[in-house]
1. Restricting to segment 264-295, what's the tally of residues that are in contact with a strand residue (DSSP E or B) (Cβ under 6 Å, 6 or more places away or on another chain) and more than 14 Å from the ligand (Cβ to nearest atom)?
2. If you take the residues in segment 313-326 that are surrounded by fewer than 21 Cβ atoms within 10 Å (Cβ to Cβ) and in a helix (DSSP H, G or I), which one is modelled with the highest pLDDT?
3. Would you confirm whether or not segment 584-597 contains a residue that is surrounded by 19 or more Cβ atoms within 10 Å (Cβ to Cβ) and of a type in the set (D, E, K, R)?
4. Residues being surrounded by 16 or more Cβ atoms within 10 Å (Cβ to Cβ), more than 39 Å from the chain's Cα centre (by Cα) and of a type outside the set (A, V, I, L, M, F, W, C): count how many of those fall in segment 428-442.
5. Pull up segment 99-146, narrow it to residues that are within 30 Å of the chain's Cα centre (by Cα) and open to solvent by 50 Å² or more (accessible area, probe 1.4 Å), then point me to the one that is nearest to Asp242 (Cα to Cα).
6. Would you point out which residue out of Gly370, Gly355 is modelled with pLDDT of 95 or more, open to solvent by 40 Å² or more (accessible area, probe 1.4 Å), of a type outside the set (Val, Ile, Thr) and more than 30 Å from Pro185 (Cα to Cα)?
7. Kindly indicate whether Pro220 is under 13 Å from Trp45 (Cβ atoms) and either of a type in the set (Val, Ile, Thr) or away from the ligand (no atom under 13 Å from the Cβ) (or both).
8. Is it the case that Pro380 is outside any strand (DSSP E or B) and crowded, with 17+ Cβ neighbours inside 10 Å?
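The values are calculated or read from the model by the stated rules, or taken from the named source; none is laboratory data. What you are looking at is a predicted structure, and each value in this text was computed from that prediction instead of being measured. Positions of Cβ are backbone-derived with ideal geometry, glycine not excepted, and every protein chain shown enters the neighbour counts. Please note that ligands, DNA and RNA were not included when accessible areas were found on the heavy atoms of the full protein model with its side chains. Shrake-Rupley method; radii C 1.70, N 1.55, O 1.52, S 1.80 Å.
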Amino acid sequence: MSRQRFYVTTPIYYPNDKLHIGHTYTTVAADSLARYHRLRGHDTWFLTGTDEHGLNLQRAAAQAGKEPLEYIDPIVEWIQHLWKRLHISYDDFIRTTEERHKRRVQQIFQKLYDQGDIYKGTYRGLYCVRCEAYYSEDELAEGNLCPIHQRPVEWLEEESYFFRLSKYGEPLLAHIEANPDFVRPESRRNEVISFIRQGLEDLSVSRTSFSWGIPVPFDPKHVIYVWVDALANYATALGYPDGDLYRRFWPADLHLIGKDILRFHAIIWPAILLALGEPLPRCVYGHGWLLIDGGKIGKSRAGSQVIDPLTLIDRYGVDVVRYFLVREVPFGADGTYSEESLVRRLNSDLANDLGNLVWRTTAMIERFCGGLIPDPSGAPATDLAQVAAEVRRRVEQHMDRFELNLAVAAVWDLIGRANKLVDEAAPWELNRRGEHARLGRVLYDVAEAARFAAVLLAPFLVETPERIYDQLGYDEDLRAVGWDAGLTWGRLPVGTRVRRGEPLFPRVDVESLFAGGDGAGEGSAGGQGGSAGGEASGQEPAAGAAPEITIEEFARLDLRVVRILEAEPVPGADRLLKLKVSLGSGGERQVVAGIARHYQPEDLVGRQAVLVANLKPARIRGVESQGMLLAAADDGRVVLVAPEQAVNPGSKVR
Ligand code: ME8
């Protein structure tokens, strides 16, 4: 069998702002595709990175009173941290300030100059520093604003090198026409074709008005136009022109981008490749935008500030965020983001459908089969195996066409059918009537359907598939086993002991979330002052006096093990200590705890404790507290709660 390969890239991100949920859209989609191809056993490479040159960054750094790299480094670290929290499985992360990139961009520029595809001239025009692009007057939005950023453009006039883009219009058009999959989806392909048909002008590819860029090798008062620098990353990261990775993976199978940067990827970059004599990527896919209130997130003030992906991950968990991104928007089109729609997806698809399937299946196996996966062989098969095979085929077809939302939706047909089978077959009735053979068959098939769903969802979700396997009691590494073997019906061994855990997805109460509260329950914020949180001592309720809660209500608490890194008194508050605690890869927090009379600060450093991590931050005596440490109160003593053995900081307590 021939080994297939898959090389997918995201755009490289500008580190001039914090990334928002719109940015994560491209990357989660690319990650899902990379994971899918890896599961299928294809030789896969997934590249992302940061685009660190240009006037915009030079100005932002100067404004911050910093050298460009000094300004950029922490933002890049933050971006990498975000990708880690989203479990983005990139194989390489390229920064355009790296030597390996700069050297090869200069090599490309030199080659194009030597062969006459780059020449010297003068450029005059209107320039948007945020886009790092010139606009003609008729392209501007009303009020002479940049059509993308709605900000004023600037008049620039400079000596410049030009790339003979005009020469490549015809060959590019021929390529696009001969390769219907080269620009996707269809609407973007048409846009590119009509743009090229209007005629391409040569492109200004160097700047003298600022210095933060890669110098033109033969004329160093010029820096290379940031888009030429940035686009080249897809090749330089692989070691263009002769690195092993370049030989193995070029041309890219997919450049996944947002529609705002389509022309750069579907015209300029391919023209440069044609000039270099290199093969063109197989597909440039321009997805739509995630909008908020009808505007592009991040271009409006509110959008960029409110929708911080890390906050959403903290609040709902990584798989809920990933699921929403790949499921909600028809891939290719624009879609609307709202937290309310995310919560509705969580409650209906994840909690009600998928979570409930696993929950009730394991519950019934416990009740009716002694907790062991039953033997199905005594009764005829249900239709689930057939539905599963059909769904698998559809998932594969959709993934081949990059229809991510349809691929995910197909899995819900299997989940829905399995839930329906439980309702129809009513295992509790089969049990009551003593129809054990049929009962075993139904419960086996339903458990196997849940396992199938776990494998089918493994490209998109990063924790849930493993949790489903765990609850089914099946200790197999589903990612190592891969797609074909994993999707063999009947793989789940008879006699496996299920391990019922907590529900996969606790429901979130939509009404309270959007009725002005923050979903964490108004009452709990008051707890900040009690326990180890502050000075208010209050009357301890007698054990059992608090009202009963459900497991779902309990599961809304995000309790985490932390390691105390620093501890110091809070001036003027003799009961309080200010602590810095580590959540491992979840970062660090500052917490105020009312334990100063019970612990010396230096005795606390290095210890583990338990943090209520999703408690609304509060100011205690003017000091911000981002969560609360748990402590036992016993007749005037206060004793911190800690795991019985050391565990990794950030581990969940449940
Ligand atoms: O464009 N919805 O970087 P960038 C969907 N450095 N996608 C969105 C979005 C939204 N609301 N907002 C941003 C750049 N994106 C250049 C790329 S590549 C050689 C250089 C997407 O940080 C956007 O479409 O501004 C793009 O695909 C990506 O986020 C990075 O945007």
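1. Residues flagged as in contact with a strand residue (DSSP E or B) (Cβ under 6 Å, 6 or more places away or on another chain) and more than 14 Å from the ligand (Cβ to nearest atom) within segment 264-295 amount to 1.
2. If we take residues in segment 313-326 being surrounded by fewer than 21 Cβ atoms within 10 Å (Cβ to Cβ) and in a helix (DSSP H, G or I), then Val318 is modelled with the highest pLDDT.
3. Taking every residue of segment 584-597 in turn, at least one turns out to be surrounded by 19 or more Cβ atoms within 10 Å (Cβ to Cβ) and of a type in the set (D, E, K, R).
4. Residues flagged as surrounded by 16 or more Cβ atoms within 10 Å (Cβ to Cβ), more than 39 Å from the chain's Cα centre (by Cα) and of a type outside the set (A, V, I, L, M, F, W, C) within segment 428-442 amount to 5.
5. Arg100
6. On the way: Gly355 fails: open to solvent by 40 Å² or more (accessible area, probe 1.4 Å).
Sole residue among the options that is modelled with pLDDT of 95 or more, open to solvent by 40 Å² or more (accessible area, probe 1.4 Å), of a type outside the set (Val, Ile, Thr) and more than 30 Å from Pro185 (Cα to Cα): Gly370.
7. no
8. Judged against the criteria, Pro380 is not a match.
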